[in-house]
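To start, the structure itself, in C-alpha cells.
A short reminder: the numbers here are calculations on the coordinates, not readings from a lab. Keep in mind that this is a model prediction, so the values were computed, not measured. Cβ atoms come from the backbone with ideal geometry, glycine included; neighbour counts cover every protein chain shown.
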Amino acid sequence: MKKILIKNATIVNQGEILESDVLVEGEYIKLIGKSLSDPTAEVIDAQGKYLIPGVIDDQVHFREPGLTHKGTIATESRAGLAGGITSYIEQPNTIPQTVTIAALEDKMATANASSFSNYSFNFGGTNDNLEELKRLDKNACAGVKLFLGSSTGNMLVDNQQVLESIFSSTEMVISAHCEDEHIIRTNMELYKERYGDDIPMSSHPLIRSAEACYVSSSNAIALAKKTNARLHVFHVSTARETELFRNDIPLKDKRITAEVCTHHLWFSSEDYNEMGSLIKWNPAVKTAQDRDALWGALNDDRIDVLATDHAPHTLEEKNNVYTSAPSGGPLVQHSLVALMEKQKEGKISLTRLIEKMCHNPAILFNIEKRGFIREGYYADLVLIDPNSSWNVSKDNIAYKCGWSPFEGVKFSSTVTHCFVNGHLAYENGNFSTVRNAKRLTFER
Ligand code: DOR
C-alpha cells in the first residue's frame, strides 16, 4: 500500500496549532506524531505550511444533470481541489430536479463515474413528493433541501400543510433556503413599475430584502420548534437573522443550525456599483453592518458552518439586465484562500476557520471519518502556504464558466497540495488525472 509521510507540518486541527508529522497509508491517516520516519514512504516536506483537514462544503451547485454548460460534477469538483475542498454536498436544483430516489441515485452514479472529490447530495422536497421523501433512507444522502424562497430552478415549496408534513416526517437534516416569496414579489413589482427591466443591480438587497430573509427564517425556525425537526438554515445574510440562533448548546446537540457563505462575509452592498451582476446572489449580499454581524455570529458560534453556495453561471448569462441576470457565482476554488486573508486581517482565528469549514460540517451531517486529522480517518488533507501570493486571473481559473468574482484580487496564501482519500489529487497548479473520490457515508 502506498505511503506518504508529510514532514514538519504546522497542523491546524481540533482547536490546536502544533508542529507534527503525518503518515498516510493507503486511504487513511496511519500515524500523527513528531519525528516520524518510514523508509518506504514518499516524503513531502511541509516546513512553513499549514496542514488542515480537507474542507467539507455543505452547499454547492455543480449543475449536472441538465445545466452542464455552466459546470459539471467533474469540472467543479476538480476546481474545488485547488481550493482545498475534498468533500461536498450538492443541491437538487438541476434538470431533472433531484426530487425522486431514482434521480438521486442517477446523480450518485454520475459522481461515482466523474467526481474528483467526495460527494453527497441533498434530496429536494417539493409541494408534491412527500411520499417519495418518506421512503428515502436517512443514510442515503446528506439530507433534504427546501427552497422556502424561489431561486434558480423553480423549486419553491409554498404549501404550508406540505411543509409541516415534511418537517414532521423526516429525521434528516432539512437545509433551507429562507427568503419570503410574498415580500420579494411585492418589492419586485414596485421596482419594475419604477425602472422596467433595467433595475439598478444595487436594488437587489432591497428587493430580496433583509425583511424577506428574517420573516422566512423565523417561520422556518418556528415550524422546526413545533415539529422538533432538524433544521439547518442555509446562507444567513442579515444581522437580524443572527439573533435567531443559539450558542449555548454544543453543535452536536443543536436542532437548529446556521450556515454563512463566503460572499456574504467578503462583499457588501457598497460593491454593487463596481461588480454589478457578478455579485448578484440569492439571498442578496447586504450592508456592511450585516456583514459585520455575520462575522460576529460566526465567531460566537450562533453560526456553525462556513460554505460557498458555489453556483456558476456563464458570463453571457450574467451580462444581462437585472431581471434576466441569474443569481449565483463560482467560489469553490477561492473560498479558503479568501477567508485566509480575512484570518490575517484578524476577522477570525485560524483554528475557528478550520472548525467552521472542516470540522463542523462533519459533525452537523454526521459524516463518517472525515473533517478532522485523526488516526484511522480518511486522509483528506490540504497543505496551505500562508506566504505565497498570487493573483486571480482568467488563466488560473479552473471553473467551467471561466470567471470569478475575485478576478484581479491578490491572495497571500496558496493551496499547494490537496489529498483525497490519501491520493495527491492537486499539487501546485497541477491536477491528477486519477480520481479517488468516494460517496460520503454517515453515522446516524
Ligand atoms: O444565488 C443563488 N444561486 N442562490 C441559490 O440559492 C441558487 C443558486 C443557483 O443555483 O444558481
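Between the beta carbons of S432 and D292, assuming R0 = 51 Å, the FRET efficiency works out to 0.80 to the nearest 0.05.
Each Lys and Arg contributes +1 and each Asp and Glu -1, all at the Cβ; summed about the Cα centre of region 292-426, the dipole is approximately 100 debye. For the pair K134 and R194, a Förster radius of 41 Å applied to the C-beta separation gives a FRET efficiency near 0.35, rounded to the nearest 0.05. Pairs K252/K438; K7/K410; K280/K394; K70/K347; K107/K138; K107/K438: which are spaced more than 22 Å apart, C-alpha to C-alpha? K252/K438; K7/K410; K70/K347, as the Cα separations exceed 22 Å there. Take the Cβ atoms of K2 and D300, set R0 to 51 Å, and the FRET efficiency comes out at 0.75. With neighbours defined as other Cβ atoms within 10 Å of a residue's Cβ, the residues V260, V409, V144 order from fewest to most as V409, V144, V260. With the charge dipole of the chain set up from +1 on Lys and Arg Cβ and -1 on Asp and Glu Cβ about the Cα centre, the Cα lying farthest toward the positive end among the listed residues V173, I397, G125 is that of V173. Taking amide H as placed 1.01 Å from N in the peptide plane, H232 has its amide H under 5 Å from the amide H of I174, S175, A176, T257, each at least 5 places away in sequence or on another chain. The loop-placed GluC sites (Glu not before Pro) in region 283-368, going by DSSP, that have at most 12 neighbouring Cβ atoms within 10 Å of their Cβ come out as E345. Within the shell defined by Cβ-Cβ distances under 14 Å, the residues around E64 carry a net charge of +2, with Lys and Arg each +1 and Asp and Glu each -1. From its DSSP helices (H runs of at least four residues, each -39,500 (n - 2.57)), the chain gives a residue-normalised ellipticity at 222 nm of -7500 deg cm²/dmol.
In plain terms, the chain from D106 to L251 could stretch by 49.0 nm, reckoned as 0.36 nm per residue minus the Cα-Cα distance. Counting only Cβ charges, +1 for Lys and Arg and -1 for Asp and Glu, the dipole size of region 95-151 around its Cα centre is about 160 debye.
Rg and Dmax of region 196-244, both derived from C-alpha coordinates alone, stand at 13.7, 44 Å. Scoring 55-65, 389-399, 33-43 by mean Cβ neighbours within 10 Å over their residues and listing the highest first yields 55-65, 389-399, 33-43.
Return the tail of the calculated pair distribution for region 85-199, meaning the percent of Cα-Cα pairs more than 24 Å apart. The answer is 34 percent, as a whole percent.
Look at L353, L146, L306 and count the other Cβ atoms within 10 Å of each Cβ; fewest to most, that gives L353, L146, L306. Only beta bridges with both residues in the chain are counted; by DSSP, about 50 percent of them are antiparallel. Our estimate of slack between W390 and K342, defined as 0.36 nm per intervening residue step minus the Cα-Cα distance, is 15.7 nm.
Ranking V22, A46, M201 by how far each Cα lies toward the positive end of the dipole of the chain (charges on Cβ) leaves V22 at the top. Under 19 Å from a point placed 7 Å out from the Cα of K226 along the Cα-to-Cβ direction: which residues of region 130-158 have their backbone N that close? What the label zone holds, given the 19 Å backbone N cut-off, is 130, 146-149, 157-158.
Remark on the chain: hydrodynamic radius 21.8 angstrom, per the Kirkwood mean of 1/r across alpha carbon pairs. Along the axis of the charge dipole computed for the chain (Cβ charges of +1 for Lys and Arg, -1 for Asp and Glu, origin at the Cα centre), the listed residues N187, P361, L148 are led at the positive end by P361. Against the chain, whose longest principal axis is taken from its Cα atoms, helix 335-344 shows a tilt of about 80°. Each Lys and Arg Cβ is given +1 and each Asp and Glu Cβ -1; about its Cα centre, region 181-333 then shows a dipole of about 620 debye.
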